[in-house]
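Remarks on the structure that follows.
Nothing in this text is a laboratory measurement; each read-out follows from the coordinates by a stated rule. This structure is a prediction, so every number in the text was calculated from the model and none was measured. In this analysis, Cβ positions are derived from the backbone assuming ideal geometry, glycine residues included, and neighbour counts consider all displayed protein chains.
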C-alpha cells in the first residue's frame, strides 16, 4: 500500500491522447493535499516525444519527462486515444511491458484497454472499455474477457475504466484501495464527485435525456446520510421525498447513475469503513451504527467493496495500521 507520497504514479501521454483523462489523473493523483498534512502520491507525466500533439490538435504538450520516467512507476497509467485502430508506438508498448514485468500496477482509462491489449497483457484477463468500442475490441482481442457494460474492472494489478467519466470512478477506487474510505471520501468531496459508483454498475448507453429535469436529490441524500444506522428502506426514502418508489428509482438513475438501494448500501459500507479507521473494533457495533445489521453482513459487504476482511481492513487503515490487536484474527 502506498505510504504518503512514496508511491509514484506515472501517466504516459501518447500522440492524440485525450486531455480529459489526463486531467482526471492529475486531479486525483497529482494535486497537493495540504489539508491532509501529506500528499498521497508522487505523480509524474511522461511522453515518448518532447512535443506531443493532443487529441484533435487542441494543444501540444511539452516540458514533461521522457519515457524513462515510466521505469520508476509504482502505478503506470497507460495512454488512451480515440483512434483505436492506429497501433501504439512499439517503444510505448515496451515501456508498459517492462513496468508490468517488474510488478508495477497498470491502469487504463477508456481506450487505454487497447494499449494494454496491444502490449499482450490482457489475454485471459478481465477488462473494461467504452461500449462504443466493445465490438471492435472483441474482434481484435478475442482472448480478453471484456466486460463492456461495467464502469471499471479491478483485476488486481491491472485495472481498466470504461469511459471518460469512469476514470474518476476508478481513480477514487484506487485511492480508497490505497488509503481507505476516509481519505477517498475527502478526495471525492474536493472533486465534488460522488464516491460510490460501483465498478459493476452498468454504463450509460445512449440514454435519452429527460424532457423535464428531476428535482435535486440533495436534501434527501443529506437526510439519509444522517440516519444510516436506522432501518431505512427504499419505500421509506420515497415517502420522505413524497414520490413513488418508481419515481425515486428514476431520479436516482438520472442524477446518480445508480439505484436507491445500491446508493444506500454504498453509504453504509463507507460509514463502516470510517468507523473501523477511527478505531472501533467491535464488529457488531460497526454493523449496527452503519445500518448493515449483522457482523456477517458487514464482513460480506466489506469484502465485496474493498476485497478485505474487517481485520485486514483494520490492519491496513486503522489507527494502529500494521499492528494486529490481540484476539483480532477471528474478527
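Comparing mean-square fluctuations of 103, 293, 37 from a GNM of the chain with C-alpha springs under 10 Å, the top value falls on 37. Bridge orientation summary for the chain: considering DSSP beta bridges with both residues in this region, about 25 percent are antiparallel. What the Cα convex hull of segment 1-147 gives, in volume per residue, is 119 Å³. Give the calculated FRET efficiency between residue 135 and residue 83 to the nearest 0.05, with a Förster radius of 25 Å applied to their Cβ-Cβ distance. For R0 = 25 Å, the calculated efficiency reads 0.90.
Between 0 and 90 degrees, the angle of helix 245-255 with respect to the longest Cα principal axis of the chain falls at about 30 degrees. Compared with the direct C-alpha span, the chain from residue 191 to residue 90 gains 32.8 nm at full extension, assuming 0.36 nm per residue.
Once C-alpha pairs closer than 8 Å and six or more residues apart are averaged by separation and normalised to the residue number of the chain, the relative contact order reads 11 percent. With a/c under 1.5 counting as rounded, go ahead and sort segment 78-163 into rounded, prolate or oblate using the C-alpha gyration tensor (a ≥ b ≥ c being the square roots of the eigenvalues; past the cut-off, prolate if a/b is larger than b/c, else oblate). Note, shape of segment 78-163 comes out oblate. Note: relative contact order over segment 29-68, using C-alpha pairs below 8 Å and six or more positions apart, is 32 percent. Residues in segment 81-95, backbone N under 19 Å from the label point at residue 68 (7 Å along the Cα-to-beta-carbon vector): list them, ranges by number please. So the set is 91-95. The equivalent ellipsoid of segment 209-331 has semi-axes of 33, 13, 11 Å, largest first, where each one is the square root of 5 times an eigenvalue of the Cα gyration tensor.
Once you keep just the Cα pairs under 8 angstrom separated by 6 or more residues, what percentage relative contact order results for segment 209-331? Relative contact order here is 20 percent. A simple packing score, the average count of other Cβ atoms within 10 Å per residue, orders the peptides 56-64, 70-78 as 70-78, 56-64, with the highest score first. With axes computed from alpha carbons, what is the tilt in degrees of helix 260-277 against the longest principal axis of the chain, rounded to the nearest 10 within 0 to 90? Helix 260-277 sits roughly 90 degrees off the main axis of the chain.
Comparing 279, 30, 163 in a Gaussian network model of the chain, where Cα atoms under 10 Å apart are tied by springs, the biggest mean-square fluctuation is seen for 279. Helix 90-101: angle to the longest alpha-carbon principal axis of the chain, degrees 0 to 90, nearest 10? For 90-101 against the chain, the angle is about 40 degrees. Across the chain the C-alpha pair distances fall into 20 Å bins from zero in the proportions 30, 55, 15, 0 percent.
DSSP beta bridges fully contained in segment 8-191 are about 25 percent antiparallel. Shape summary: segment 1-84 maps onto an equivalent ellipsoid whose semi-axes, from the alpha-carbon gyration tensor, are 24, 14, 11 Å in decreasing order.
For the chain, modelled as a GNM whose springs connect Cα atoms under 10 angstrom apart, the maximal fluctuation among 281, 68, 27 occurs at 68.
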